[in-house]
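The values are calculated or read from the model by the stated rules, or taken from the named source; none is laboratory data. Everything numeric in this text was worked out from a predicted model, so none of it was measured. Backbone-built Cβ (ideal geometry, glycine too); neighbour counts: all protein chains shown.
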Amino acid sequence: MVGIRELKAKLSELLDRAAAGETIIVTSRGKVKAEIRRPSVETRIEQGIREGWITPGRGRPNATPLGLKGKMTIAEAMAEDRDDEPE
């Protein structure tokens with residue numbers, strides 16, 4: 001938990017900690033105002049689609065998955081790509 005004054009003074013450090021997986025709780029006068037944490041996998045996928053570096057599938061959006069089993073989940077593959085552990 002950090003107050004707003006500390007947040008301003010240590011923003012870069014706190015953002016690095018959040019990127020590493022820590023959740024930073026921001027308070028003002030003892031009341032929780034916000035949380036800072038790294039984006040979820042879903043948020044990153046949505047961002048990628050918006051920015052154009054991920055192309056959404058063209059299949060049926062409500063189709064039943066085929067039940068294929070890969071060696072790792074998407075979250076694990078993304079974590080491996082980032083060189084850290086999955087959530």
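Things worth noting here:
- Summed over region 19-53, residues that are among the hydrophobic types (A, V, I, L, M, F, W, C), modelled with pLDDT of 95 or more and surrounded by 11 or more Cβ atoms within 10 Å (Cβ to Cβ) total 5.
- In region 6-18, the residues that are among the small types (Gly, Ala, Ser) and exposed (fewer than 14 other Cβ atoms within 10 Å of the Cβ): 9, 12
- Total residues in region 24-42, condition among the β-branched types (Val, Ile, Thr) and over 24 Å from residue 10 (Cβ atoms): 1
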